[in-house]
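These notes are about the structure you will find just below.
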Amino acid sequence: MIYLDNAATSYPKAPGVAAAMVNALTQAGGNPGRSGHAMAVAAQGVVDATRRRLAALLGAPDPARIAFTCNATDAINQALFGLLRPSERVITSRMEHNALARPLAELAGRGVAVDSVAAAPDGSIDLDDLARALRVSPARLVAMAHASNVTGCILPAREVAQLAHRHGALLLLDAAQTAGVLPLDVAEMEIDLLALTGHKGLLGPPGTGALYVASGIKLTPSRFGGTGIQSEDEQMPEELPERLEAGTLNSVGLAGLGAALRFLSERGVAAVRAHEMALTGRLLAGLKDIPGLCIHGIADPVRQVATVSISLRGWEPIDLAAVLDSSFGIAVRAGLHCAPAAHRTLGTFPSGTVRLSAGCFTTEDEIEQTLRALDQLAQTPT
Amino acid sequence: MDKLPQPPLANVAERYSRQVRFPAIGAAGQARISASRVAVIGCGALGSAAVDLLARAGVGEIVIVDRDFVEISNLQRQVLFDEADAAAQIPKAVAAANAVGRINSQVKAQPLIADATSSNIEEILTGAQVVIDGTDNFETRYLINDACVKLGLPWVYGGVIGASGMAMAILPGETPCLRCIYPEGQAAGVLATCETAGVIGAIVSLVAAVQWAEAVKILIGDHQHLGRGLATFDLWTNDYLLATGFPRLADCPCCAQHRFDYLEARHTSQTTTLCGRNAVQVSPGHPLRLDLAELGRRLASAGAVSISPYLVRLGVDGHEITVFADGRAIVKGTADLGTARSLYARYVGV
């Protein structure tokens, strides 16, 4: 099977992930940070190591500023509900995934002012539009995806952060599609809040995610409960990460994520990026030669990640995806990709697109086979 | 307002007198029938014919399970329904229960508008003494078989297509179960269905009659007269056969090894809503390579069909069913998983 659905979840996972999870269950099965016996200490060691590796990957100076979550959605919810208060203003875009759009819709119902910056028909966001939105009235937060899960278009995060800061706003970056795929340095890029998931570009298991919180930002927890520290206090502790980590952590998943992070640090995110950029370049060039095929997005391997949305004349996206899978063994995703606003922007609502998303382990040959299959299908519309 | 005079109901003894005078049933048999509970899974042609006979015979309680609605094309063979039911698109389970009320007000009919699935079947069968198969697909029959073997509950298999049909009573632990006879289900998309090959009403009456008789023998404890084999009929070629040579398989996955693949949904087809598209994908529960050209030929009798090397598309009843080479189908025109599953069973076949 040719797996081109890495934007949904990466496959395969990094070598060592499964073994680390088995080891966590069999050798480090205690509850991290809760007891003093060897198994609990071992589990705590695994969690701490994963936190340190993630901090290193993100360029976060203090690992304690990284709280583990269930996934990127969970991290985004914690950031938004922990920061925004009624009558405060947040600026987002019309390209966002429901992971960001739906919590913002809920907050709008609770009195938070939510404004959306429009995107160009190719899905890119003009920073002048953002600057104008920031000038209209003060905003507490700019909340946007680092790369679109539909078009792959990369947001110039550093410039957005600086722009937001100039207007007194913070930046929440949804890095679901970029963590592990683009080199990140939260300190250098001046990112205030960064939400990520462990099971996509980071090559770890589902059920893992994290929220980075820059120093000086205090969030209200979105969950309250046991933390293993300051148990005598009725209130959640002030310290990070415990403040945002009520309840037992997914130590098994985090063990897997730790192994994935070790793999990524050995290979280097820059090398992953170079590999994916080359694949994307070849894919885009080949797609442009297929008659009747439309690429929805900027179609520029330098300004996008390895996620490419297409449609093919004569084919409904869901049928095209089903044929790619059933007749050619190519796994892709069709439809709206949980980002309806993005498809309205691109003019592909409600049918959506077929999304081809290569990953760290995709080969050039697999891209060539995919191009041949699409070329063949372009000649056999339904 | 005064109560309108009710037509006098025949007393119970008079009502069932002819059935009671049949020596094999007698008063004791009738008492057992009246105290019994029968589950009919699927209330199309076979199910409604069986329910009709069960209600007239005075079965105490009939559980009627079907998720479909009465359509005009049902009336040719589904004896409990009429034009008013089709016009009003009443759920078959409800229309059948209403009909039971008219036929015999002493019978308690319990309609359930649902598919029998691995999650609800054990609850549906609770308290039943016998189960009658009125389904239109083997996947559900294997599910009934699993549940009945697990619960030790007798059931009567029945199936019809064209002018032919078959029926067999299954006493778990005693007689061969469905998987002793057909250890593995046919691959999806391979068997003809009544939608593609047609069916005549007479074979329905015949098979349902056999199912009723076998069920009643079970209810009254007359196991000695059970058919003990697979009865097959063809009303057009006049072939009638009771095949009794089937042994219980020593390694039957179901009744010998107690591995309930369908109850545990290991072999079951899966449905997924396709986000925002008013479409559902149905995937067979097993790896499969379909002969799309052959499927296309078979479906051509059911509606407008287009065929390509990659898919077969059928337009029917306001739905579009696109079947792919690995047996999956995308059903457009519904977001309802049950409707999609039912269309898949009826046209592709599981």
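The values are calculated or read from the model by the stated rules, or taken from the named source; none is laboratory data. Since this is a predicted model, take the numbers as computed values, not measurements. Every residue, glycine as well, gets a Cβ built from its backbone with ideal geometry; the counts of neighbours run over all protein chains shown.
Only residues that are among the aliphatic types (A, V, I, L, M) and surrounded by fewer than 18 Cβ atoms within 10 Å (Cβ to Cβ) were counted in the stretch A:79-105, giving 1. Of all residues in the stretch B:288-306, those satisfying the criterion of being in contact (Cβ under 8 Å) with a residue 12 or more places away in the chain and either of a type in the set (Val, Ile, Thr) or within 11 Å of chain A (Cβ to nearest Cβ) (or both) are B:Leu288, B:Arg289, B:Leu290, B:Leu292.
Among the residues of this structure, B:Cys177 counts as one that is more than 14 Å from every other protein chain (Cβ to nearest Cβ), under 26 Å from B:Gly127 (Cα atoms) and either surrounded by 15 or more Cβ atoms within 10 Å (Cβ to Cβ) or not basic (Lys, Arg) (or both).
Please indicate, with yes or no, whether at least one residue in the stretch B:127-143 is more than 30 Å from B:Glu14 (Cβ to Cβ), of a type in the set (D, E, K, R) and without any contact (Cβ under 8 Å) to a residue 60 or more places away in the chain. Yes: the stretch B:127-143 contains one or more residues that are more than 30 Å from B:Glu14 (Cβ to Cβ), of a type in the set (D, E, K, R) and without any contact (Cβ under 8 Å) to a residue 60 or more places away in the chain.
Give me the residue from the stretch B:125-147 that is aliphatic (A, V, I, L, M) and not in a helix (DSSP H, G or I) and, out of that set, surrounded by the most Cβ atoms within 10 Å (Cβ to Cβ). Let's see the steps before the verdict.
Going through the stretch B:125-147, the residues aliphatic (A, V, I, L, M) turn out to be B:125, B:128, B:130-132, B:143-144, B:147.
This time we only want the ones that are not in a helix (DSSP H, G or I), so: B:128, B:130-132.
Values: B:Ala128: 22, B:Val130: 26, B:Val131: 29, B:Ile132: 31.
Looking at the filtered set, the residue picked out is B:Ile132.
In contact (Cβ under 8 Å) with a residue 40 or more places away in the chain, under 27 Å from B:Ser283 (Cβ atoms) and not in a helix (DSSP H, G or I), is that true of B:Pro183?
Numbers: in contact (Cβ under 8 Å) with a residue 40 or more places away in the chain: yes; under 27 Å from B:Ser283 (Cβ atoms): yes; not in a helix (DSSP H, G or I): yes.
Criteria met by B:Pro183.
Among the residues of the stretch A:282-304, those that are part of a helix (DSSP H, G or I) and exposed (fewer than 15 other Cβ atoms within 10 Å of the Cβ) comprise A:Ala285, A:Lys288.
Scanning the stretch A:268-285 for residues that are more than 19 Å from A:Ala7 (Cβ to Cβ) and in contact (Cβ under 8 Å) with a residue 40 or more places away in the chain yields a total of 1.
Could you go through the stretch A:39-60 and let me know if any residue there is within 30 Å of A:Leu336 (Cβ to Cβ) and in contact with a strand residue (DSSP E or B) (Cβ under 7 Å, 6 or more places away or on another chain). It would help to see each step written out before you state the result.
First pass over the stretch A:39-60, keeping only residues within 30 Å of A:Leu336 (Cβ to Cβ): A:58.
From what is left, the residues that are in contact with a strand residue (DSSP E or B) (Cβ under 7 Å, 6 or more places away or on another chain) are A:58.
Looking through the stretch A:39-60, at least one residue is within 30 Å of A:Leu336 (Cβ to Cβ) and in contact with a strand residue (DSSP E or B) (Cβ under 7 Å, 6 or more places away or on another chain).
Here A:Ala28, A:Ala19 are screened, and the one residue that is surrounded by fewer than 21 Cβ atoms within 10 Å (Cβ to Cβ), of a type in the set (Gly, Ala, Ser) and either in contact (Cβ under 8 Å) with a residue 60 or more places away in the chain or within 21 Å of A:Pro205 (Cα to Cα) (or both) is A:Ala19. The residues in the stretch B:319-348 that are touching a helix residue (DSSP H, G or I) at 6+ places or on another chain (Cβ under 8 Å), surrounded by fewer than 24 Cβ atoms within 10 Å (Cβ to Cβ) and either in contact (Cβ under 8 Å) with a residue 60 or more places away in the chain or more than 14 Å from chain A (Cβ to nearest Cβ) (or both) can be counted, and the count is 3. Restricting to the stretch A:305-336, give me the number of residues that are more than 22 Å from A:Met277 (Cα to Cα) and either more than 12 Å from chain B (Cβ to nearest Cβ) or not in a helix (DSSP H, G or I) (or both). Adding up the residues that qualify gives 9.
Identify the residue in the stretch B:275-289 that is at pLDDT below 90 and under 25 Å from B:Tyr142 (Cβ atoms) and, among all such residues, is surrounded by the fewest Cβ atoms within 10 Å (Cβ to Cβ). Step by step, filter the stretch B:275-289, then rank; the result is B:Pro287. The test for being outside any helix (DSSP H, G or I) and either away from chain B (no Cβ under 14 Å) or closer than 21 Å to A:Leu202 by Cβ (or both) does not hold for A:His275. Taken over the stretch A:194-249, the criterion of being of a type in the set (D, E, K, R) and either under 30 Å from A:Ala19 (Cβ atoms) or outside any loop (DSSP other than H, G, I, E, B) (or both) is satisfied by A:Lys200, A:Glu242, A:Arg243, A:Glu245.
What helices (runs of 4 or more DSSP H) lie completely within the stretch B:1-55 and have 2 or more residues being on the phi > 0 side of the Ramachandran plot and modelled with pLDDT under 95? Show your work before the answer.
Working: elements: B:12-15, B:17-21, B:26-34.
Filter on the stretch B:1-55 gives an empty set.
If you go through the stretch B:150-170 and keep only what is surrounded by fewer than 19 Cβ atoms within 10 Å (Cβ to Cβ) and in a loop (DSSP other than H, G, I, E, B), you end up with B:Gly152, B:Ala163.
Condition first: surrounded by 19 or more Cβ atoms within 10 Å (Cβ to Cβ) and either under 25 Å from B:Asp336 (Cα atoms) or not assigned by TED's automatic domain parsing to the domain that holds B:His223 (or both). Can you find one or more residues in the stretch B:54-63 that meet it? Within the stretch B:54-63, one or more residues are surrounded by 19 or more Cβ atoms within 10 Å (Cβ to Cβ) and either under 25 Å from B:Asp336 (Cα atoms) or not assigned by TED's automatic domain parsing to the domain that holds B:His223 (or both). Screening the stretch B:211-264 for residues that are within 19 Å of the chain's Cα centre (by Cα) and outside the structural domain of B:Gly58 (by TED's automatic domain parsing) and picking the one that is surrounded by the fewest Cβ atoms within 10 Å (Cβ to Cβ) gives B:Leu263.
Hey, any hits in the stretch A:97-109 for a residue that's within 23 Å of A:His167 (Cα to Cα), in contact (Cβ under 8 Å) with a residue 40 or more places away in the chain and assigned to a loop (DSSP other than H, G, I, E, B)? Lay out the reasoning, then the answer.
First, pick out the residues of the stretch A:97-109 that are within 23 Å of A:His167 (Cα to Cα): A:100-101, A:104, A:107-108.
The next check asks that each one be in contact (Cβ under 8 Å) with a residue 40 or more places away in the chain; those that pass are A:100-101.
Filter once more, so that each one left must be assigned to a loop (DSSP other than H, G, I, E, B): none.
Checked the stretch A:97-109: no residue is within 23 Å of A:His167 (Cα to Cα), in contact (Cβ under 8 Å) with a residue 40 or more places away in the chain and assigned to a loop (DSSP other than H, G, I, E, B).
Taking the stretch A:35-44 as the range and being of a type outside the set (S, T, N, Q) and crowded, with 16+ Cβ neighbours inside 10 Å as the test, the residues that pass are A:Ala40, A:Ala42, A:Ala43.
In the set A:Asp122, A:Asp115, which member is at pLDDT below 95 and either buried (at least 18 other Cβ atoms within 10 Å of the Cβ) or in contact with a helix residue (DSSP H, G or I) (Cβ under 9 Å, 6 or more places away or on another chain) (or both)?
Values: A:Asp115 fails: at pLDDT below 95.
Checking each option against the conditions leaves just A:Asp122.
Can you give me the ranges of the strands (runs of 3 or more DSSP E) entirely in the stretch B:217-301 with at least 2 residues that are over 30 Å from A:Cys338 (Cβ atoms)? Give the derivation first.
Values: elements: B:230-234, B:239-243, B:270-274, B:279-283.
In the stretch B:217-301, B:230-234, B:239-243 are the strands (runs of 3 or more DSSP E) which contain 2 or more residues that are over 30 Å from A:Cys338 (Cβ atoms).
On the stretch given as the stretch A:114-140, residues that are among the hydrophobic types (A, V, I, L, M, F, W, C), touching a Lys or Arg at 6+ places or on another chain (Cβ under 8 Å) and assigned to a loop (DSSP other than H, G, I, E, B) total 3. Of everything in the stretch B:303-317 that's in a loop (DSSP other than H, G, I, E, B) and at pLDDT 90 or above, which residue is surrounded by the most Cβ atoms within 10 Å (Cβ to Cβ)? Checked the stretch B:303-317; the qualifying residue surrounded by the most Cβ atoms within 10 Å (Cβ to Cβ) is B:Tyr310. The one condition from (1) more than 14 Å from every other protein chain (Cβ to nearest Cβ); (2) surrounded by fewer than 17 Cβ atoms within 10 Å (Cβ to Cβ); (3) touching a strand residue (DSSP E or B) at 6+ places or on another chain (Cβ under 8 Å) that B:Thr272 does not meet is (1).
Could you check how many residues of the stretch A:354-374 are away from chain B (no Cβ under 14 Å) and either surrounded by fewer than 22 Cβ atoms within 10 Å (Cβ to Cβ) or part of a helix (DSSP H, G or I) (or both)? Going through the stretch A:354-374 one residue at a time, the tally reaches 11.
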